[in-house]
Structure formats: structure tokens, C-alpha cells
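Have a look at the structure below, then the notes.
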Amino acid sequence: MVNVGDMLVGYATNEDVRKRGASGGLVTAVLAAALEKGLVENVVVMKHINEFEAVPIITDDVDEVLASTGSLHSVPVNLAKYAMGRKVAMPAKPCDAQAVIEQAKRGMIDLDNTYVVGLNCGGSMHPVTTKKMLVEMYDIDPEDVVGEEIEKGKLIFKTKNGEEMAIAIDELEEAGFGRRESCRYCTLKIPVNADLACGNWGVIGDKAGSATFCQVMNDKGVKLLDNAIEAGRIEVEPASDKAIAIRAKVNDVMVNLGNTLEKEIFPEIPDEERMQYYMEPMADCIDCGACKEVCPVCACGEDSKCTMFHSLVDNYKMSMYHMVRLLHLSDSCIACGQCSDVCPSDIPITLLQSSFAIPSQRKREYTPGMNVDDVPPFFEVILK
Amino acid sequence: MAEEGWEPKIVAFCCNWCSYGGADTAGMGRFQQPASTRVIRVMCSGRIDPLHVFNAFLEGADAVLVTGCHIGDCHYVNGNEKTEVKYKFLEEMLQQLGLEPDRLHLNWISASEGERFANFINDVTAKVKELGPSPLKPAGVK
């Protein structure tokens with residue numbers, strides 16, 4: 001039996017899953033057990049195509065879940081919207097978990113039916129940038145890559161012929177590659193808002209690389225773990241004090257780095273230049289609507305204020321679409337970076353959006369996606 | 001700086017029960033005010049969506065005024081409290097965007113405060129005249 005708040009180290013009992021998993025395969029095993037024992041009807045996983053491509057699938061096949069094991073750093077997809085209207089378990093980066101909670105606040109996801117297994121995340125990479133980086137920085141053909149890993153601040157790529165190449169992430173980011181911009185200033189690295197917070201930070205000694213550190217965040221987390229232990233898919237033991245301290249230390253380092261980078265990334269703009277600063281990139285907009293389509297916290301549906309009252313011909317300047325979105329997301333934007341990723345005109349939308357959302361959220365001491373009981377500031381007045 | 005003889009265009013959203021009455025009282029009391037405002041009557045200030053304000057700016061307004069009943073006097077119990085919540089977000093957003101703070105105002109004016117309404121319009125017009133045309137004004141709109 002596990003309890004809320006427990007810090008555990010565990011691994012999958014299936015040797016194959018344990019070996020292929022990024023760190024002990026605990027997450028895969030927990031998801032598989034949840035499906036097997038009927039705790040959920042579906043599991044959302046990323047179906048591996050190659051190192052730079054994976055598609056989210058909603059599956060009820062245990063083998064498919066087991067096959068999805070292993071982590072990918074260069075396939076950033078926010079999974080929140082896949083959980084809608086289903087009884088699912090899903091792996092989640094901290095921003096996925098944030099989006100799930102934001103959707104739950106807006107009545108789109110029933111949290112009782114959604115099991116979120118959080119994964120520590122130090123940042124993800126854009127596949128196109130990664131391929132370019134492989135050619136320019138690593139001098140590897142992207143087709144030859146069979147695996148990647150982040151260890152001790154270095155990004156390691158393994159090639160077909162068994163070679164390993166490592167370059168420090170700082171160095172990559174200075175050259176304009178590395179993590180996506182929104183990941184650099186993100187400060188939520190351990191998914192304390194999910195049901196389970198898993199990851200390899202704090203796994204030390206002989207278990208390093210073959211076990212997962214797991215913190216139980218709430219009752220649903222207890223259910224998930226108990227269920228997996230009962231099914232015989234995982235084994236867990238309490239984490240040592242040293243392991244807990246190391247995990248906290250890694251987190252502190254990452255959060256501090258995020259805070260430092262935030263100051264570098266957001267420029268100080270004089271008041272008289274602001275309008276120009278925002279309008280110039282927005283003028284490239286072609287009104288494809290992709291940024292709204294992928295937005296994991298948007299719950300308005302297809303026809304909404306931002307799309308219905310604006311005209312295509314206004315896109316050469318600041319348009320109604322952007323103005324409504326900048327305002328509307330200022331209390332809910334989690335800076336997941338998806339809008340920038342999908343923009344065909346390469347507008348840094350996440351950066352622009354964040355420069356509205358971050359001050360607004362800080363002023364109200366509100367962080368979106370942390371607790372389902374926190375009322376979004378926009379809903380402040382409710383009829384009594 | 002604006003060209004000679006330029007008059008700002010100001011869109012004033014007035015609620016039916018208070019500030020629209022206030023505008024009426026200003027007229028009846030013969031308080032002088034510039035002809036720069038275009039009043040749009042809404043049933044309650046709570047009806048004013050940020051969308052309406054954006055549209056006013058994008059269509060060429062130099063300033064937008066959001067007015068309603070005093071807090072506690074709303075004809076619909078708490079409509080103006082909702083206005084306030086929305087307005088705070090709106091104000092922050094437009095400032096971040098680089099619009100001068102003097103171009104957007106929130107004011108509570110009751111139906112009997114004709115002089116207050118006229119003074120308010122006078123003040124805002126003078127300020128906006130100094131600022132010149134809004135940077136969001138589309139080309140070709142005066």
C-alpha cells in the first residue's frame with residue numbers, strides 16, 4: 001500500500017520494458033496496468049515513428065502501451081485535448097498536466113476519469129530545429145540517429161554505428177538550437193500538479209538509469225500505483241533521504257536556470273516602441289488559425305470570439321483575432337509553446353503571449369493549471 | 001502631434017440606467033462639452049465586452065470610455081462588478097500593447113451627475129488631443 005505524499009523508487013517487473021524505458025519503465029508499466037485492470041478504458045501514448053516523429057494515439061491495447069516506452073525529447077505535443085470525454089490515463093509533461101487542469105476548470109475534462117502520470121521535464125526540442133542542429137553542430141545525418149538522451153546538462157545522440165556524441169545544452173542554446181524557447185523560461189519542472197510525479201532525478205547508485213523516482217501526489221496516484229503493484233507490473237521501495245535531496249537539488253538548479261533565462265529572453269521594451277514591437281511580427285499572420293487549434297487551454301470551441309468577429313483583411317496589422325487571444329489567454333496561458341511550433345509564418349506567438357500572461361498572472365499570484373480549485377481571475381464575479 | 005483642427009473621435013459606452021441618463025442631464029443642464037464623443041447605449045456596462053473596445057480602436061477610435069452605474073447601484077445587481085473584472089484585464093493588456101493609458105477610461109456616472117459627465121468628456125478630449133491620433137487607427141480613417 002502506498003500513501004499520498006510517498007516518495008518511492010520503482011521499476012517495471014517486465015525486463016524488456018525496464019530495459020527499453022528511459023528510466024526503469026515504471027510509467028509504461030503503470031499505464032499498462034491501469035488499462036489491464038480496467039481502471040481506465042483508454043490510454044493516450046505517443047506512437048514512435050522515428051526519433052523526430054511520433055503521433056499521439058488513444059489506445060485500448062496493452063501491447064501498444066508497452067511498445068510506446070522510452071522517451072522522446074524532440075516531439076513536443078500537448079496531450080490535454082486527447083483526454084476529453086474519455087476515461088483515460090496519460091503520461092504528461094508538467095505543461096500537459098497544467099492543461100488538463102485548466103480544461104477541467106472549464107468543464108471540458110472530468111478529472112475523476114482522467115489519470116495523469118506526470119514526467120519530469122527539463123525541456124523539449126522542436127524536431128525541425130533538432131534536425132538542423134544535428135547537421136550543423138553534431139555533423140550527423142538525422143537518419144542515422146537511433147537514440148537521444150539528456151544527461152548532466154549535455155544532449156547526447158546515439159548513431160546507428162554505436163557512436164555517442166555529446167554537446168552541452170548551454171552551448172547549443174547559444175548557437176540558437178537546443179530547447180524550445182518556452183521551455184527555457186519554464187519553471188515547472190517536476191509535475192507536482194499531476195497524480196504521480198515521476199522521473200529519473202534522484203535515482204542514484206546501482207539503480208541509476210534503470211529505475212524511476214515517483215512521488216504520489218493525490219488519491220488517484222495512490223490508486224494508479226496500488227493497481228500496478230497488484231497487477232504485478234511494478235516493484236517499488238521508499239526512496240532514501242539522499243535521493244530525495246538530489247531530486248530537489250536538480251529541480252532547484254533547473255528552476256534557477258529558468259528564472260535567469262527569463263530575464264534574458266524577455267526584452268525590456270520602452271513604452272513608445274511597444275506597439276511596433278508587437279505589431280511587426282503579428283503582421284506576418286496569414287489567419288490559418290493553427291495557434292488556436294493546438295492551444296491546450298482554449299476551451300471555446302470552433303466558433304469563438306476571436307474567430308467570429310474579425311476580418312481576413314485586417315491581418316496586415318494587429319487584428320481582432322490576436323487582440324482577443326492576447327486578452328483571453330492572459331490568465332490561462334501556460335506557455336507550452338505549441339502556438340509558436342505550429343505557426344507557418346514563424347511568428348514567436350508564445351513569447352508575445354507570455355509577455356502579456358506572465359505579468360498578469362504574477363500580479364494576481366495565480367498560476368494556471370496547478371490546482372483545480374483555484375478560480376481563474378476572469379471568473380472572479382460569480383452570481384451569488 | 002496631430003494636425004491643426006484635428007478633433008479626436010471618442011467612443012463612449014454608456015449604460016442605459018445611469019451614465020446615459022448622466023449624458024442626458026449634461027445636455028439638459030447645458031454643460032458645455034466638445035462634440036468629440038459618439039455615445040453607444042448599452043443596457044448595462046456588464047454588456048461591454050473587451051471585444052467591443054477592441055473593435056472601436058481597430059475601426060479608428062482615438063479613445064474609448066466605459067461608463068456605468070456606481071458600484072452597488074447596478075440595475076442588474078452586480079453587472080458593473082463584472083465590468084470591473086474585465087476592465088482590469090483590458091487595461092493591463094492595452095498598456096502592455098503600448099496604447100497610452102489616457103485612451104481608455106472607466107468611470108462610474110449616475111443619472112444625476114450631468115456636470116460630472118461633461119467634465120469627464122472635457123478632460124478626456126483635452127488629453128487625447130495632446131496625444132494625437134491612435135496608433136491603432138486604420139489608414140484612411142481621420
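Tell me, which longest segment in chain B has none of the GluC sites (Glu not before Pro) that fall in DSSP loops with at most 14 further Cβ atoms within 10 Å?
B:60-142
Please give the contour-minus-distance gain from residue A:135 to residue A:245: 0.36 nm per residue of separation, less the Cα-Cα distance, rounded to one decimal in nm.
Taking residue A:135 through residue A:245 to full extension adds about 35.8 nm, to one decimal.
Please compute the modelled spin-label separation between residue A:20 and residue B:75, points set 7 Å along Cα→Cβ, answer in nm with one decimal.
6.8
Mean residue ellipticity at 222 nm from the helices of the protein assembly as shown, using -39,500 (n - 2.57) per DSSP H segment of n ≥ 4 over the full residue count, to the nearest 500 deg cm²/dmol?
After summing the helix terms and dividing by the residues of the protein assembly as shown, the value is -11000 deg cm²/dmol.
With +1 on each Lys and Arg Cβ and -1 on each Asp and Glu Cβ, and nothing else charged, work out how big the dipole of chain B is about its Cα centre, in Debye to the nearest 20.
The dipole of chain B has a size of about 300 debye.
What spacing in nm lies between the two simple spin-label points modelled at residue A:363 and residue A:36, each 7 Å away from Cα in the Cβ direction?
Distance between the two pseudo-spin positions: 5.2 nm.
Could you work out which residue, out of A:85, A:25, A:337, moves most in a Gaussian network model of chain A, that is, has the largest mean-square fluctuation with Cα springs under 10 Å?
A:85
Only counting other Cβ atoms within 10 Å, I'd like B:110, A:332 sorted with the fewest neighbours first.
On the way: B:110 18, A:332 25.
Starting with the residue having the fewest Cβ neighbours, the order is B:110, A:332.
In terms of the Cα gyration tensor, with a ≥ b ≥ c the square roots of its eigenvalues, is the range A:127-178 rounded because a/c is under 1.5, prolate because a/b exceeds b/c, or oblate?
Oblate, because a/c is 1.5 or more while a/b does not exceed b/c.
Return a whole-number percent for the relative contact order of chain A, with Cα pairs under 8 Å and 6 or more residues apart as the contact set.
20
Given a 10 angstrom Cα cut-off, can you work out which residue in A:210, A:360, A:182 is the most mobile in a GNM of chain A?
A:360
Just to confirm the filter: which chymotrypsin sites (Phe, Trp or Tyr not before Pro) across the range A:255-338 are DSSP coil and have at most 16 other Cβ within 10 angstrom of their Cβ? List each step's numbers first, then the result.
Numbers: sites: A:277, A:278, A:309, A:316, A:321; in loops: A:309.
Counting only loop positions with at most 16 other Cβ atoms within 10 Å, the chymotrypsin sites (Phe, Trp or Tyr not before Pro) in the range A:255-338 are A:309.
Of A:19/A:154; A:363/B:88; A:19/A:249, which ones are farther than 18 Å apart at the Cα?
Too far apart for the 18 Å limit: A:19/A:154; A:19/A:249.
Roughly how many nanometres apart are two label points built 7 Å out from the Cα toward the Cβ at residue A:218 and residue B:129?
Between residue A:218 and residue B:129, the simple spin-label model gives 5.8 nm.
How would A:140, B:121, A:286 line up from fewest to most surrounding beta-carbon atoms within 10 angstrom?
A:286, A:140, B:121
Give me D for chain B in µm² s⁻¹, whole number, from Stokes-Einstein with Rh from the Kirkwood sum over alpha-carbon pairs, 20 °C and 1.002 mPa s.
Diffusion coefficient, whole number: 141 µm²/s.
Longest segment of chain A with no GluC sites (Glu not before Pro) in a DSSP loop having at most 16 other Cβ atoms within 10 Å?
Working: sites that count: A:41, A:163, A:268, A:302, A:365, A:380.
Here the longest segment lacking exposed loop sites spans A:42-162.
With unit charges on the beta carbons (Lys and Arg positive, Asp and Glu negative) and the dipole taken about the Cα centre of chain A, which residue among A:176, A:14, A:370 sits farthest to the positive side?
Farthest towards the positive pole: A:370.
Could you check what % of the DSSP bridge pairs in chain A are antiparallel, to the nearest 5?
Percentage antiparallel, nearest 5: 75.
Which whole number in µm²/s is D for the protein assembly as shown by Stokes-Einstein, with the Kirkwood Rh taken over Cα pairs at 20 °C and 1.002 mPa s? Before the final figure, lay out each step's value.
Numbers: Rh = 25.6 Å.
Translational diffusion coefficient: 84 µm²/s.
Under a Cβ-Cβ limit of 4.7 Å, which cysteines in chain B have nobody to pair with?
Cysteines of chain B left without a disulfide-compatible partner: B:14, B:15, B:44, B:74.
Averaged across orientations, what area in nm² does the convex hull of the alpha carbons in the range A:267-379 project?
7.4
Would you mind ranking A:59, A:114 by Cβ crowding within 10 Å, fewest neighbours first?
Taking fewest neighbouring Cβ atoms as first place, the list is A:59, A:114.
Values quoted throughout were computed directly from the atomic coordinates according to the rules given, and no laboratory measurement underlies them. This one's a predicted model, so the numbers in the text were calculated from it and none came from an experiment. FYI the Cβ positions are ideal-geometry reconstructions off the backbone, even for glycines, and counts take in every protein chain you see.
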